[in-house]
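Student: The structure follows.
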Amino acid sequence: MKNRALLDKPVWITFIAAFVICVGLGVAVSATQNAYAQNPTPPPTTEATPTPDANYAGSDKCKVCHEDTHKTWSKTLHSQAFSSPIFQKDWVKQGSTVSCLECHTTGYDEKSGDYNEEGVTCESCHGPLVENHPVNRMPITPDASLCAQCHKTTTDEWRASNHGQAGINCEACHDPHSQAPRAGSVNDLCGTCHKETGSSFTHGTHANSGLECSNCHMAVTSPASFTGGLFATGHTFAVGSEACVSCHQDTVHTRDTIVQLTGEGTGEALSLDDLEKKVQEQEQAIQSLESQSTVRLYTGLMQGAIVGLVIGGVAAWVVSRRIRIVEVEDND
């Protein structure tokens, strides 16, 4: 009997090991699903990166076929990125730093200090002219990483904004060739998505006073001196105190004076009951997400337990059969 008990031990060890492994795998899968639900992996992007020996053709070459686009671009700040008197003046003050040419010229070579063309031209974004174009299409980076090569501060602000979190890229608002908004005005541009903002008291009264969305949501303090172009541009779209002070600097700290508001509000402010209701809705949404996470965890445990019972049972049966064969052979 003692030998029999010793022989049964491998059966239980095999069963328990298989069961624990399957349960662990179930928990790991559920945890992975929760992590993906909270932080989905963004799709891969392809970037157009010029090669060191790239053959830049120049914007005049592009003009032969793309005359209208070239004409539109020639009036933009991109085309004047190097020739602009403002840049030239501030660049000289900075000692004509060659690192500035990486963004203010096209085809800049940091080793030699040479560049192909002044300004931000077609090949700055599309890369050097590809062989056998137009049969072979010119490459382009389909997201904000292209703009971030020069507009780092702006894209950092954008990534921190709700626009960035929602994946609304630069080209959704800006025409890449004209650099103009994709609408007749700033308010029309914002209104393509934010259709209900005019119903609130704050938006209604300011709009009736002739303000645009950008006056408050992109209010920034202009730099007093040249900072290499790396200053805030308001692309977080958050309304800070500087937005209020820019217009209400005489009254913003006056507590004993009732300011007479001008303009007629198009909506009503939320009452305390409405605010409490919104808070309760948010709390319920959070509880729902937590419940879903818990359900995924327990589902993983149950799936792992079921699979573990099946696999553990099969493994234990195989081991027990092997033990019986050994016993028979020993008896013989």
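Any read-out appearing in this document is the output of simple, stated calculations on the displayed coordinates, not a laboratory observation. Predicted model only: the values in this text are computed from it and were never measured. As a convention, Cβ positions derive from the backbone with ideal geometry for all residues, glycine included, and neighbour counts pool all protein chains shown.
Student: Let me know the volume per residue of the alpha-carbon convex hull for segment 75-185, in Å³. Kindly include the intermediate steps, with their values, before the conclusion.
Tutor: On the way: hull volume 16.2 nm³, N = 111.
Dividing the Cα hull volume of segment 75-185 by its residue count gives 146 Å³.
Student: Could you pull out every one of the lysines with an alpha carbon less than 25 Å from that of K63, ignoring same-chain neighbours closer than 8 positions?
Tutor: Of all the lysines, those that pass the test against K63 - Cα under 25 Å, at least 8 places apart if same chain - are K71, K75.
Student: So, in nm, how far is label R182 from label H194 when the simple model puts each one 7 Å beyond its Cα toward the Cβ?
Tutor: Label at R182, label at H194, 1.7 nm between them.
Student: Oh, and also: Once label points are set 7 Å from the Cα along Cα→Cβ at both D156 and H248, what is their separation, rounded to one decimal in nm?
Tutor: In this crude label model, D156 to H248 measures out at 3.0 nm.
Student: Work out the charge dipole of segment 94-190 with +1 on the Cβ of Lys and Arg and -1 on the Cβ of Asp and Glu about the Cα centre, then indicate which of H163, H174, C150 is farthest towards its positive end.
Tutor: H163
Student: Along the charge dipole of segment 87-138, pointing to its positive end and built from +1/-1 on Cβ of Lys, Arg, Asp and Glu, which listed residue (Q94, G119, H133) has its Cα farthest out?
Tutor: Q94
Student: How would you rank 171-184, 97-110, highest first, on the average number of other Cβ atoms within 10 Å across their residues?
Tutor: 97-110, 171-184
Student: Give me the dipole magnitude in Debye, nearest 20, for segment 121-210 about the Cα centre, with unit charges on the beta carbon: positive for Lys and Arg, negative for Asp and Glu.
Tutor: Dipole about the Cα centre, nearest 20: 120 debye.
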